[in-house]
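Notes follow the structure.
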Amino acid sequence: MFNQFFFVLVLLSTMASCTGAKSAQVVSANHVLHPVDSLLNLMTIEEKIGQMSIFTSGGDITGATLRDTYKEDIRKGRIGAVFSAHSVRFTRQLQKLAVENSRLGIPLLFGYDVIHGYKTIMPIPLGGAASWDLAAIQQASRIAAIESSAAGLHWTFAPMVDVARDPRWGRISEGAGEDALYGSLVAEARVKGFQGSDLTQNNTILACAKHFAAYGAAQAGRDYHTVDVSERTLREVYLPPFKSATEAGVRTFMTAFNELDGVPATGNSFLLKDILRKEWGFDGMVVTDYTSINEMVHHGVAATDKEAGELALNAGVDMDMQGAVFYDHLQKSLTEGKVRIEQINQAVRHILLMKYELGLFEDPFKYCNKKREEQYVFSKEHRQFARTLAQKSIVLLKNEKGILPLPQNAKKKVAVIGPFFDSEKDMLGSWSAAGRAEDCVTLKQGLLQAGSALEFSFAKGCAPYGGDQSNFAQAQKIASQADYIVLYLGETRGMSGEAASRSDIGLPGHQSALAKMCKKLGKPLIVILANGRPLTIPWLAEHVDAIVETWFLGTEAGNAIADVLLGKYNPSGRLPVTFPRRVGQIPIFYNMKNTGRPYEANNKFTSKYLDTPNTPLYPFGFGLSYTPFKYGSIKLKQPFLSKDMPLDVSITIENTGSQEGTETVQLYIRDLVASVTRPVKELKAFQQVVLKKGERKEVHFTLSEKDLMFFDKKMNWVVEPGEFELFIGANAQTSRKVLFTFR
Ligand code: NOJ
């Protein structure tokens with residue numbers, strides 16, 4: 001059937017070339033007629049609502065399990081976007097249906113959760129963040145975009161930029177950890193990686209800042225739970241990464257499942273209109289999270305789905321993910337006057353604008369290219385980079401007497417024990433898109449193909465959780481014959497991520513008992529951790545010789561871990577999140593407030609526990625290297641900073657060991673007296689320096705007025721004169737400090 005697609009295509013591309021895509025966007029911001037408005041004028045109300053609905057394909061390349069009516073819906077223009085459909089073959093098939101059969105032939109938008117890689121799986125986001133290497137983090141997203149755009153995708157539901165201070169929350173694995181500034185820098189890097197510098201290129205995709213907002217503050221770390229934070233905490237802790245994503249040009253936002261101060265985020269006009277659109281000037285598109293409109297009925301702010309849809313649209317939502325609320329009810333809401341046509345037009349306009357910016361009106365099949373798919377997806381270069389980022393993401397938490405690296409040229413026996421030593425699927429972590437378990441390098445494979453003189457033997461010892469101790473005997477046998485015992489312990493990939501909160505974040509099942517059994521053998525004991533969150537591991541921290549935090553490192557996991565164990569890579573990762581000693585300390589994060597009764601060892605009536613120290617097991621920013629670094633003293637160019645005079649800060653770092661290493665030098669401040677209480681430390685800058693053995697470098701930072709700003713009592717963004725402490729060190733517990741004033 002001939003449709004108006006070619007007319008629309010000509011209309012839009014002519015207007016695009018007359019105005020130029022860039023200036024067309026400027027015009028859009030000023031709400032003057034944009035090319036997509038011409039299309040909007042041709043659309044029926046059904047077609048408009050269709051653009052506002054996205055449904056899942058239910059999974060994979062051949063899994064055409066959209067709603068049963070999907071072919072009919074696409075033909076009738078009742079679906080504007082599809083998610084989880086990927087591969088050139090499948091997306092082409094659906095796209096053809098839309099552009100050749102629907103009345104206006106508006107192309108579909110294909111979205112997917114490409115969270116840490118499409119098919120070449122990189123470390124989980126929390127792991128990647130542990131690299132503290134922003135260029136590498138950006139490159140990981142760039143590669144994810146190259147692969148997914150080559151597989152027919154236009155849009156990723158990433159980055160998740162939720163700050164998370166509660167490791168019980170499983171989705172802490174999907175973000176950049178606990179810090180607002182570091183989270184903002186990572187958000188910027190990830191957005192730039194996905195979107196590149198030009199969205200019309202066929203290897204860039206729309207990024208999506210999610211979940212707006214404060215989803216990471218779920219009470220008690222239980223997923224989807226209530227969020228109740230002050231506006232100060234919201235603005236100082238949870239919003240900065242979203243703002244940073246906006247400034248980096250992110251084109252889409254996803255609402256969160258949670259409520260905020262009694263109003264679900266999906267129906268929250270304070271978030272979606274006042275902050276996002278008005279304060280930040282965002283002109284892209286807002287999609288809901290999966291059925292989060294419908295869920296407002298359970299939240300208790302709407303009696304029916306229809307009413308929930310009205311709340312969502314009126315609050316500023318553009319697209320309904322999977323809930324079919326707009327699809328089923330919006331037209332009636334319009335007829336009843338519960339929503340206005342202008343709001344619908346605005347939402348559709350935002351959506352069409354995304355398609356326009358991607359260049360889909362010029363060529364809807366631009367991302368469907370078999371050759372590109374074959375060339376880029378899971379390419380050798382991408383796998384090589386995955387190994388590099390995996391190496392950088394590993395954090396060495398303990399290394400008594402330099403037990404690591406293992407002597408790779410010695411004819412020694414190494415027993416590798418634990419449930420994950422050969423578990424391909426657990427290398428992937430949660431959200432692994434098109435990543436395949438069989439493509440992952442396990443620790444066993446990594447060690448065996450590394451080509452050392454070491455002799456390895458392997459045993460599981462126990463199941464990751466549940467099970468019994470019946471396999472301890474075999475583990476004990478190989479362990480007692482070995483010179484070194486390497487335990488690979490932690491969580492399965494499904495124990496973090498969405499809907500994977502834990503109330504006990506210690507080692508599950510019989511793993512602790514396995515470690516204790518191995519300890520009794522009196523051999524050098526090394527523990528490698530697989531996990532999507534900080535774990536409470538005080539026994540390990542005290543009793544084993546080395547601990548290597550490896551998160552879930554993706555496709556190249558086994559190679560990267562072997563590289564570190566065998567000393568081919570000197571570990572450089574640093575924790576982007578605090579490790580508590582016990583669950584009872586949560587929430588615990590480095591930038592807490594001082595309180596009116598700060599800790600004093602000999603004063604009972606100060607802020608502390610009877611049964612555990614206040615300090616974490618491992619602080620934010622912590623990580624060891626195979627080489628030690630010595631810090632000099634902090635030098636200030638002048639002891640003050642003013643509006644017009646930034647402060648130059650320097651410090652000398654020396655590698656006093658015998659091999660090259662990378663140090664992450666961190667700068668924190670504390671505002672000593674202000675009109676509102678300020679945290680005991682706030683990260684303001686960091687730099688990574690690579691130092692050869694014996695090398696020394698002077699590291700410079702520049703602090704300016706904006707680094708000292710905060711929200712005052714009236715939520716104004718201010719700086720106040722007075723004294724500040726400035727700390728520089730290797731992690732958030734550093735006590736190396738100097739004073740300066742702001743005047
Ligand atoms: C629900 C998750 O919260 C969100 O992050 C994800 O993008 C959607 N499902 C789509 O899979």
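The values are calculated or read from the model by the stated rules, or taken from the named source; none is laboratory data. Worth saying up front: this structure is predicted, and the values here are computed from it rather than measured. Every residue, glycine among them, receives a Cβ derived from its backbone with ideal geometry; neighbour counts consider all protein chains shown.
Would you check which residues across segment 247-259 are out of contact with any Cys (no Cβ under 8 Å at 6 or more places or on another chain) and either within 12 Å of the ligand (Cβ to nearest atom) or aromatic (Phe, Trp, Tyr) (or both) and list them?
255, 256, 257, 258
Looking at segment 487-534, which of its residues are in a loop (DSSP other than H, G, I, E, B), among the aliphatic types (A, V, I, L, M) and over 22 Å from residue 399 (Cβ atoms)? I'd like the intermediate steps shown before the answer.
Our first condition is that a residue be in a loop (DSSP other than H, G, I, E, B); within segment 487-534, this holds for 491-492, 496-510, 520-524, 531-534.
Cutting the leftovers down to among the aliphatic types (A, V, I, L, M) gives us 499-500, 505, 507, 521.
Within segment 487-534, 499, 500, 505 qualify.
In the list 408, 331, which residue meets the criterion of being part of a helix (DSSP H, G or I) and among the polar types (S, T, N, Q)? Before you say what the answer is, go through the steps one by one.
Working: 408 fails: part of a helix (DSSP H, G or I).
331 is the lone residue from the list that is part of a helix (DSSP H, G or I) and among the polar types (S, T, N, Q).
Check 44, 56 and return the single one that is surrounded by fewer than 20 Cβ atoms within 10 Å (Cβ to Cβ) and either within 16 Å of the ligand (Cβ to nearest atom) or among the acidic types (Asp, Glu) (or both).
56
Each row is one residue, and each column tells you yes or no for (1) buried (at least 24 other Cβ atoms within 10 Å of the Cβ); (2) away from the ligand (no atom under 16 Å from the Cβ).
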| residue | (1), (2) |
| --- | --- |
| 192 | no, yes |
| 201 | no, yes |
| 212 | yes, no |
| 223 | no, no |
| 232 | no, yes |
| 245 | yes, no |
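Confirm whether residue 433 is touching a residue at least 12 places away in the same chain (Cβ under 8 Å) and touching a helix residue (DSSP H, G or I) at 6+ places or on another chain (Cβ under 6 Å). Write out each step before concluding.
Values: touching a residue at least 12 places away in the same chain (Cβ under 8 Å): yes; touching a helix residue (DSSP H, G or I) at 6+ places or on another chain (Cβ under 6 Å): no.
So residue 433 does not fit the description; no.
Yes or no: segment 297-312 includes at least one residue that is of a type in the set (A, V, I, L, M) and under 24 Å from the mean Cα position of the chain (by Cα). Outline the logic, then answer.
Our first condition is that a residue be of a type in the set (A, V, I, L, M); within segment 297-312, this holds for 297, 301-303, 308, 311-312.
Checking the rest, the ones that are also under 24 Å from the mean Cα position of the chain (by Cα) come to none.
Taking every residue of segment 297-312 in turn, none turns out to be of a type in the set (A, V, I, L, M) and under 24 Å from the mean Cα position of the chain (by Cα).
Of all residues in segment 708-720, how many are loosely packed, with under 12 Cβ neighbours inside 10 Å and not charged (D, E, K, R)? Spell out the reasoning first.
If we filter segment 708-720 for residues that are loosely packed, with under 12 Cβ neighbours inside 10 Å, which is where we start, we get 713-717.
Within this subset, residues satisfying the condition of being not charged (D, E, K, R) are 715-717.
So the answer is 3.
Please report, ordered by residue number, the strands (runs of 3 or more DSSP E) entirely within segment 629-743 with at least 2 residues that are of a type in the set (S, T, N, Q).
Numbers: elements: 629-631, 647-655, 661-671, 682-691, 696-703, 722-729, 737-742.
The strands (runs of 3 or more DSSP E) meeting that bar are 647-655, 661-671, 682-691.
So the check is Cβ under 6 Å with 6+ separation or different chains; which pairs have a first residue in segment 79-106 that's farther than 20 Å from residue 318 by Cβ and a second one that's of a type in the set (D, E, K, R) and away from the ligand (no atom under 16 Å from the Cβ)?
88/370; 88/373; 101/75
Rundown of residues vs (1) within 16 Å of the ligand (Cβ to nearest atom); (2) crowded, with 24+ Cβ neighbours inside 10 Å; (3) β-branched (Val, Ile, Thr), yes/no style:
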{"position": "491", "(1), (2), (3)": "no, yes, no"}
{"position": "494", "(1), (2), (3)": "yes, no, no"}
{"position": "500", "(1), (2), (3)": "yes, no, no"}
{"position": "505", "(1), (2), (3)": "no, yes, yes"}
{"position": "508", "(1), (2), (3)": "no, no, no"}
{"position": "527", "(1), (2), (3)": "no, yes, yes"}
{"position": "546", "(1), (2), (3)": "no, yes, no"}
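For residue 310, indicate whether it is more than 24 Å from residue 716 (Cβ to Cβ), among the charged types (D, E, K, R) and within 16 Å of the ligand (Cβ to nearest atom). So that I can check it myself, show each step before the final result.
Working: more than 24 Å from residue 716 (Cβ to Cβ): yes; among the charged types (D, E, K, R): yes; within 16 Å of the ligand (Cβ to nearest atom): no.
Considered against the rule, which asks whether it is more than 24 Å from residue 716 (Cβ to Cβ), among the charged types (D, E, K, R) and within 16 Å of the ligand (Cβ to nearest atom), residue 310 comes out as no.
When you look at residue 325, is it crowded, with 20+ Cβ neighbours inside 10 Å and over 20 Å from residue 213 (Cα atoms), yes or no?
Numbers: crowded, with 20+ Cβ neighbours inside 10 Å: yes; over 20 Å from residue 213 (Cα atoms): yes.
For residue 325, the condition - crowded, with 20+ Cβ neighbours inside 10 Å and over 20 Å from residue 213 (Cα atoms) - is met.
From the list 498, 556, 491, which one is within 24 Å of the chain's Cα centre (by Cα), closer than 22 Å to residue 385 by Cα and of a type in the set (D, E, K, R)? Break it down into steps so the answer makes sense when it comes.
Working: 498 fails: closer than 22 Å to residue 385 by Cα; 491 fails: closer than 22 Å to residue 385 by Cα.
Among 498, 556, 491, only 556 is within 24 Å of the chain's Cα centre (by Cα), closer than 22 Å to residue 385 by Cα and of a type in the set (D, E, K, R).
Do we find that residue 186 is in contact (Cβ under 8 Å) with a residue 40 or more places away in the chain, hydrophobic (A, V, I, L, M, F, W, C) and in contact with a Pro (Cβ under 7 Å, 6 or more places away or on another chain) in this structure? So that I can check it myself, show each step before the final result.
Numbers: in contact (Cβ under 8 Å) with a residue 40 or more places away in the chain: yes; hydrophobic (A, V, I, L, M, F, W, C): yes; in contact with a Pro (Cβ under 7 Å, 6 or more places away or on another chain): no.
It is false that residue 186 is in contact (Cβ under 8 Å) with a residue 40 or more places away in the chain, hydrophobic (A, V, I, L, M, F, W, C) and in contact with a Pro (Cβ under 7 Å, 6 or more places away or on another chain).
On the basis of being over 19 Å from residue 206 (Cα atoms) and either in contact with a Leu (Cβ under 6 Å, 6 or more places away or on another chain) or surrounded by 24 or more Cβ atoms within 10 Å (Cβ to Cβ) (or both), does residue 107 make the cut?
No.
For the subset of segment 295-310 comprising residues that are touching a strand residue (DSSP E or B) at 6+ places or on another chain (Cβ under 8 Å) and aliphatic (A, V, I, L, M), which member is nearest to residue 46 (Cα to Cα)?
So the first thing to find is which residues in segment 295-310 are touching a strand residue (DSSP E or B) at 6+ places or on another chain (Cβ under 8 Å), and the list is 295-296, 299, 301, 309.
The next check asks that each one be aliphatic (A, V, I, L, M); those that pass are 296, 301.
Numbers: 296: 24, 301: 27 Å.
That would be 296.
Output the residues belonging to segment 421-480 that are in a helix (DSSP H, G or I) and closer than 30 Å to residue 159 by Cα.
The initial filter retains those residues of segment 421-480 that are in a helix (DSSP H, G or I), namely 424-428, 437-439, 443-449, 472-480.
Result: 424, 425, 426, 427, 428, 437, 438, 439, 443, 446.
Please go through segment 687-707 and give me each residue that is touching a strand residue (DSSP E or B) at 6+ places or on another chain (Cβ under 8 Å), within 23 Å of residue 638 (Cα to Cα) and either surrounded by fewer than 17 Cβ atoms within 10 Å (Cβ to Cβ) or free of Cβ contacts under 8 Å to residues at least 60 places away in the same chain (or both), ordered by number. Give the derivation first.
Of segment 687-707, the ones touching a strand residue (DSSP E or B) at 6+ places or on another chain (Cβ under 8 Å) are 687-705, 707.
With within 23 Å of residue 638 (Cα to Cα) added as a condition, the list becomes 687, 697-705, 707.
Selection gives 687, 697, 698, 699, 700, 701, 702, 704, 705, 707.
Residue pairs, Cβ under 8 Å, 6 or more apart or interchain, first in segment 599-625 and more than 22 Å from residue 126 (Cα to Cα), second of a type in the set (A, V, I, L, M, F, W, C). List them.
none
Got a sec? Which helices (runs of 4 or more DSSP H) wholly within segment 67-180 have at least 3 residues that are of a type in the set (A, V, I, L, M, F, W, C) and away from the ligand (no atom under 16 Å from the Cβ)? If you could, list the steps in order and put the result at the bottom.
Details: elements: 70-75, 88-101, 125-129, 134-150.
Those helices (runs of 4 or more DSSP H) span 88-101, 134-150.
For segment 287-301, state whether one or more residues are surrounded by 21 or more Cβ atoms within 10 Å (Cβ to Cβ) and away from the ligand (no atom under 16 Å from the Cβ).
no
Would you check which residues across segment 140-164 are under 14 Å from the mean Cα position of the chain (by Cα) and either surrounded by fewer than 24 Cβ atoms within 10 Å (Cβ to Cβ) or of a type in the set (A, V, I, L, M, F, W, C) (or both) and list them?
Of segment 140-164, the ones under 14 Å from the mean Cα position of the chain (by Cα) are 140-141, 144, 156-164.
Matches in segment 140-164: 140, 144, 157, 158, 160, 161, 163, 164.
Please indicate, with yes or no, whether at least one residue in segment 338-361 is farther than 16 Å from residue 40 by Cα, part of a helix (DSSP H, G or I), modelled with pLDDT of 95 or more and of a type in the set (D, E, K, R).
There is no residue in segment 338-361 that is farther than 16 Å from residue 40 by Cα, part of a helix (DSSP H, G or I), modelled with pLDDT of 95 or more and of a type in the set (D, E, K, R).
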